[in-house]
Amino acid sequence: MADDIFTPDFEFKPYWWDAAPRPTDDPGPMPKDADVAIVGSGYTGLSAALTLAKAGCKVVVFEADVPGYGASSRNGGMVGPALSLSSAKKLMETHGRERGAGILQEGLNAVEYLVDLVVREKIDCKLQMAGRFKGAARPGQLDGMAREIEDIQKLVDWKAHVVPKSQQHDHIGSDRYHGGMVIHRDGGLHPGLYHLGLLEAVRRAGVTVLPKTPVTGVVRERQRVAVTTTRGEVSAGHALVATNGYTGPFAAEFRRRVIPIRSAIIATEPIPKQQMDRLMPKRHMLVENKHIHCYYRPSPDHTRIVFGGRALHQGSADAERENARDLHQRMVEIFPETVTTKVSRYWSGYVAFTFDERPHLGLMDGIHYAMGYCGSGVTRSTYFGHRIAQQIMGMPEGKTAYDGLPFETRPLYYGKPWFLPPVLAWYRFADKVGL
Ligand SMILES: Cc1cc2nc3c(=O)[nH]c(=O)nc-3n(C[C@H](O)[C@H](O)[C@H](O)COP(=O)(O)OP(=O)(O)OC[C@H]3O[C@@H](n4cnc5c(N)ncnc54)[C@H](O)[C@@H]3O)c2cc1C
């Protein structure tokens with residue numbers, strides 16, 4: 001496909017940064033001490049900072065780049081509980097029914113926490129709970145979806161229904177799928193505005209956010225934690241590592257436990273309202289029921305298609321253009337009438353997977369952490385940030401169904417996922433044959 005898929009004003013930049021440019025303020029002076037030092041200014045770090053500061057703690061947030069530089073200003077903005085029945089079932093086998101149901105319930109709690117937070121802090125992030133359509137990639141999947149809904153509903157109060165292929169066009173203007181399911185209490189927000197709203201809220205609460213201040217070490221020394229940065233050292237009562245897919249060598253033990261995977265997104269030029277009404281009639285969030293899937297949605301103002309998936313190429317501007325072309329091609333496969341629709345923005349970022357495909361929070365070697373949202377972290381990072389903050393303060397409310405689950409690594413894994421190519425090849429094969 002030729003370069004004419006790109007608009008004249010095409011940029012390699014998150015579309016979200018148009019309405020929510022990244023703040024470029026000077027870092028300001030370094031404090032000498034803090035009750036809690038947080039590494040990472042994404043949703044996890046800021047949500048934790050907000051809960052801590054509102055309880056009276058002196059909090060400093062360190063950010064290596066500009067605030068929200070990581071996934072929190074680059075994501076698709078899809079909000080939801082990310083319930084996984086297979087994960088809950090595995091837990092039930094080893095830890096009992098209560099733990100499995102508890103994990104599902106945490107997903108639902110997370111959605112309500114985010115929705116309340118947006119209202120409470122008056123964050124204008126265009127949150128719209130319009131539901132999510134998950135398209136069946138193969139004919140046989142619809143029965144499995146119906147069973148999954150039934151099984152989850154036996155455990156928690158969750159609303160979803162199956163959509164037969166004959167009614168698919170009520171939800172998506174595409175013949176690509178074999179029906180699907182609609183998850184009711186899911187939705188979307190503007191990730192950049194959500195991040196800026198959180199940043200304003202933490203600053204209002206008295207938190208010091210220090211951009212351009214990479215942390216180089218976090219070491220527990222008896223009663224205090226020594227946090228070293230490129231601009232000096234801070235002594236803190238507690239430290240929280242909230243770096244998710246951007247966890248670097250400064251936190252080697254955490255880096256060994258998360259698998260960074262790059263995801264990329266394109267935003268199209270504006271499309272006519274009638275076309276949007278045809279393609280995304282309910283303004284749902286849209287995903288595919290596959291191992292390697294695309295996720296897509298209308299922009300919050302319903303004028304553009306925002307379309308994401310795995311970033312296959314990297315290393316040069318040409319490779320990134322190739323990713324943009326791949327995503328455009330996949331969009332056209334789903335919506336053939338978008339073949340002439342041009343791409344105005346392309347960007348990518350890192351998500352963090354874990355070896356058990358579950359997020360984790362807790363305390364390791366005297367350092368708190370919350371990370372590993374496996375690509376579904378808008379809602380869960382906000383919630384985990386809040387809960388880990390409560391745990392740091394020793395509050396019983398901070399307890400979660402995730403507590404105490406082993407945060408695993410694998411021999412010979414130090415943070416560079418050398419095993420990804422064969423794993424992805426296996427998933428591609430599994431998608432092809434329907435495993
Ligand atoms: C392209 C893409 C699409 C996505 N789409 C969705 C979606 O639609 N829905 C959904 O639920 N989730 C989605 N996600 C996942 C979601 O965005 C993340 O799970 C979530 O933002 C994680 O937030 P976080 O605060 O934990 O980490 P991040 O937002 O990644 O923040 C980590 C921060 O730590 C900083 N940092 C790293 N090292 C240091 C250091 N040494 N010193 C100081 N700072 C440091 C980084 O610069 C970064 O800003 C997507 C992610 C990507 C990349």
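If D365 satisfies every condition in (1) more than 10 Å from the ligand (Cβ to nearest atom); (2) farther than 30 Å from E221 by Cα; (3) at pLDDT 95 or above but one, which is the exception?
Tallying (1) more than 10 Å from the ligand (Cβ to nearest atom); (2) farther than 30 Å from E221 by Cα; (3) at pLDDT 95 or above, D365 fails exactly one: (2).
Taking region 267-278 as the search range and keeping residues that are crowded, with 19+ Cβ neighbours inside 10 Å and away from the ligand (no atom under 15 Å from the Cβ), which one is nearest to R325 (Cα to Cα)?
By that ranking, first place goes to T268.
Determine, yes or no, whether A19 is buried (at least 17 other Cβ atoms within 10 Å of the Cβ) and modelled with pLDDT of 95 or more.
No; evaluated as a whole, the condition is false for this residue.
Could you list, ordered by first residue, the pairs with Cβ atoms under 8 Å in which the first is in region 1-14 and loosely packed, with under 10 Cβ neighbours inside 10 Å and the second is at pLDDT 90 or above, at least 6 apart or interchain?
Taking only residues 6 or more apart or on different chains, the pairs are D3/R321; D4/K342; D9/S344.
The rows are residues; the columns are (1) crowded, with 20+ Cβ neighbours inside 10 Å; (2) assigned to a helix (DSSP H, G or I).
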residue	(1), (2)
G144	no, yes
Q153	no, yes
H161	no, no
G173	no, no
H178	no, no
M181	yes, no
H195	yes, yes
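Out of E221, E200, I need the residue that is among the acidic types (D, E), at pLDDT 95 or above and out of contact with any Pro (no Cβ under 7 Å at 6 or more places or on another chain). Which one?
Selected residue: E200, the only one of E221, E200 that is among the acidic types (D, E), at pLDDT 95 or above and out of contact with any Pro (no Cβ under 7 Å at 6 or more places or on another chain).
Can you spot a residue in region 312-321 that is within 24 Å of L420 (Cα to Cα), of a type outside the set (D, E, K, R) and within 15 Å of the chain's Cα centre (by Cα)?
No, that holds for no residue.
Among the residues of region 383-435, count how many are in a helix (DSSP H, G or I), at pLDDT 90 or above and not small (G, A, S).
Selection size over region 383-435: 10.
Restricting to region 212-231, count the residues that are out of contact with any Lys or Arg (no Cβ under 9 Å at 6 or more places or on another chain) and either part of a helix (DSSP H, G or I) or more than 12 Å from I38 (Cβ to Cβ) (or both).
Residues flagged as out of contact with any Lys or Arg (no Cβ under 9 Å at 6 or more places or on another chain) and either part of a helix (DSSP H, G or I) or more than 12 Å from I38 (Cβ to Cβ) (or both) within region 212-231 amount to 10.
Note down all Cβ pairs under 8 Å where the first residue falls in region 167-194 and is in contact (Cβ under 8 Å) with a residue 24 or more places away in the chain and farther than 15 Å from M280 by Cβ, the second is outside any helix (DSSP H, G or I) and polar (S, T, N, Q), and they're at least six residues apart or on different chains.
Qualifying pairs under 8 Å: L189/Q128; P191/N75.
Please work out if F384 is buried (at least 24 other Cβ atoms within 10 Å of the Cβ) and either of a type in the set (V, I, T) or within 18 Å of G245 (Cβ to Cβ) (or both).
yes
For region 22-58, which positions are surrounded by 18 or more Cβ atoms within 10 Å (Cβ to Cβ) and over 15 Å from Y69 (Cβ atoms)?
Selection gives A34, V36, A37, S47, A48, A49, L50, T51, L52, A53, C57.
Per-residue answers, yes or no, for (1) under 22 Å from H386 (Cβ atoms); (2) part of a loop (DSSP other than H, G, I, E, B); (3) in contact with a Cys (Cβ under 9 Å, 6 or more places away or on another chain); (4) away from the ligand (no atom under 16 Å from the Cβ):
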{"position": "A82", "(1), (2), (3), (4)": "yes, yes, yes, no"}
{"position": "S86", "(1), (2), (3), (4)": "no, no, no, yes"}
{"position": "N109", "(1), (2), (3), (4)": "yes, no, no, no"}
{"position": "V119", "(1), (2), (3), (4)": "yes, no, no, yes"}
{"position": "K122", "(1), (2), (3), (4)": "yes, yes, no, yes"}
{"position": "K126", "(1), (2), (3), (4)": "yes, yes, no, no"}
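One residue is enough: does region 91-99 have a residue meeting the conditions in a helix (DSSP H, G or I), hydrophobic (A, V, I, L, M, F, W, C), without any contact (Cβ under 8 Å) to a residue 12 or more places away in the chain and under 30 Å from R428 (Cα atoms)?
For region 91-99, residues in a helix (DSSP H, G or I), hydrophobic (A, V, I, L, M, F, W, C), without any contact (Cβ under 8 Å) to a residue 12 or more places away in the chain and under 30 Å from R428 (Cα atoms): present.
Output the residue which, of all residues in region 359-382 that are small (G, A, S) and part of a loop (DSSP other than H, G, I, E, B), is farthest from the chain's Cα centre (by Cα).
That would be G366.
Looking at region 232-250 only, could you name the residues that are touching a strand residue (DSSP E or B) at 6+ places or on another chain (Cβ under 8 Å) and more than 14 Å from I392 (Cβ to Cβ)?
E233, V234, S235, T243, N244, G245, Y246, T247, F250
Of all the residues that make up region 237-266, how many are outside any loop (DSSP other than H, G, I, E, B) and either within 9 Å of the ligand (Cβ to nearest atom) or among the hydrophobic types (A, V, I, L, M, F, W, C) (or both)?
Total meeting the criteria: 18.
For residues in region 299-353 being β-branched (V, I, T), more than 16 Å from the ligand (Cβ to nearest atom) and buried (at least 18 other Cβ atoms within 10 Å of the Cβ), which is nearest to D18 (Cα to Cα)?
T341
Out of A37, A71, report the one residue that is touching a residue at least 24 places away in the same chain (Cβ under 8 Å) and either more than 13 Å from the ligand (Cβ to nearest atom) or in contact with a helix residue (DSSP H, G or I) (Cβ under 8 Å, 6 or more places away or on another chain) (or both).
Result: A71 is the single residue among A37, A71 that is touching a residue at least 24 places away in the same chain (Cβ under 8 Å) and either more than 13 Å from the ligand (Cβ to nearest atom) or in contact with a helix residue (DSSP H, G or I) (Cβ under 8 Å, 6 or more places away or on another chain) (or both).
Residues of region 356-377 being surrounded by fewer than 24 Cβ atoms within 10 Å (Cβ to Cβ) and more than 16 Å from A251 (Cβ to Cβ), which ones?
Listed by number, the residues that qualify are D356, E357, R358, C374, G375, S376.
Looking only at region 1-57, count every residue that is assigned to a strand (DSSP E or B) and of a type outside the set (G, A, S) and tell me the total.
12
The values are calculated or read from the model by the stated rules, or taken from the named source; none is laboratory data. Note that the coordinates shown come from a computational prediction; the quantities given were computed from them, not determined experimentally. Heads up, the Cβs are rebuilt from the backbone with ideal geometry, glycines too, and the neighbour counts pull from every protein chain shown.
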